[in-house]
Structure formats: C-alpha cells, structure tokens
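Please read the structure below before turning to the comments.
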C-alpha cells in the first residue's frame, strides 16, 4: 500500500465497549477523505478484551494497525508511540471514547489545507462531565496560562491534526514526563483552533481519575515553567524579612521591659510554621531534581510488545 495521506493515532486502554463503535464511525469517515489513511491503535497495556477486539478489527480492515506496548505507560506516552509509527502527511490524534467526534476531523482537514500546520479542537462544552471536573479544568487552564511563558490554549485537549513537518520536530523531543498539548504549543508553527461540542463517553468509564489528572497538571506546570521556583524564592525572602522584623521587635520589647516571653506556645507555632515552609521549598526543589534524574537515565519512553499491520511485524 502506498504511504497514507492521513494517519490516525488512537491510544487504547480498556476500551472493549467502545472499540466496535469506534471502528464503525471511523471507518465511515475514512471513506469520505480525499486520500488513503492508516489508523494506529496503541494498546497501552489493556487488561480486558481490547487487544483481541483490535486484532479482529485489523483482520477486517488492514488500514487499522496495532502497536501493543509491554505494559501501561500512560496516555501521553501512548500518543507519542502512535506518532512515532505514523507516516502520513497529516496526523490526527483522538481518544477512543468517542467524546471527540471523528466527524470534526473534516473541518480540521479544511484548515490544514488552508496552510495551518497544527489544528487543535476547542471544547465548547464538556457534556457528561461532573461540575467538579469542569471547575477544576477551568481553574487549571487559567493558572497554566499565567504560569507558563508559552501560549497554551484553554479548553484544548490532545484532539488535533498535526502536519508531518511538526511531527518530525516533535519526534526529537524525548523527555520522560510529557505534556503533549504543551509540547505542540512550544514548537510554534502556524496554528489555529476550531470549536466543537464534546459528547458524552460512548461507553465504559473515564481512564483519567483525579490522581492522573493531578499528575498531568503537575507535568504541565513543571515542564513549561520555572515560576514555582521563583515564587518559592520570593516567598523565602518575604518570610526572612518578616522573621528579621519580628526578631528586632522582640529584642526591643525585651530591653524595654514591656513584654517578657513566659510561654512556649508562640515559639512552637513559629517553629512549626517555618518548618512547614522549609518542607514545601525542599519538596518543590525535589520535584524538579527528580525530573532531571529521570531524564539522565535516558531510558526508552516505551517498549513495544507486538506490531500488526506494519512492514516488520513483531
């Protein structure tokens, strides 16, 4: 088969309930495109029937290819894996849960053909999500825009179309803790967004619980900003200045005989407070140092267990 014009990258983790519908809707979309396509399903260590269903889909339609990872490496790594194996002129990233409607891709392709190298999808609503997730997402994006020096669009996930030139640049960026949407903002190039209505998950449950959401948020802030370190430094100077002022005041009062320290409560409170500040500072520094440690190891981002549909299947 000739090299495809379009590559679809879809991370899969325990999506046995959504895969048949995904294949149906995506297969119908492929027939409407103006060029050949490949669909790269990245099995990110699923422990349900997802892999066997993907094998059936591959047998039915060879355009659907499979990259099976040796374990669960995480959503962002799975996306990276798919892009590494893609060969299309345009690469489209979307999730398997069908919250991002495949039909929106037609509008993305229109903007790509106009000359844009990255076309990202902006969520106009977050149907099916809890009020807690909507509020925390809004707060997160606002904080992220203020903390980072690059322009990361709000209400934008990983659903996007990326030109081959951008993909080639992205593939040179091999950091371990990845925030893919921020990485695409960092590379620059000509970008634009299209608005769409995000749908409810077709079936199953979310694969992004609170713990993973917090980790992604930390990755986003630390990977693209040193402001937390500057804030800690500034806070340290403020506390040091306040401590100096309190010390001078205490000495003056003691010499004046106005006030004498008789108890230890205030001392305990101050020691506890400053100890907490020190732990925060050390923890913040440790988070940055730990990432340096992970990068120095230079381990591969992922390990492939099986390939299906590629020239050299393993």
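What to note about this one:
- Per-residue Cβ neighbour counts within 10 Å put 21, 124 in the sequence 124, 21, beginning with the fewest.
- Taken along the Cα-to-beta-carbon direction at a fixed 7 Å, the label points for residue 295 and residue 168 span 2.5 nm.
Read-outs throughout are calculated quantities, based only on the coordinates presented, and are distinct from any laboratory measurement. What you see is a predicted model, and the numbers here were worked out from it, not measured in a lab. When we count neighbours, we look across all protein chains shown, and the Cβ atoms used for this are built from the backbone with ideal geometry, even at glycine.
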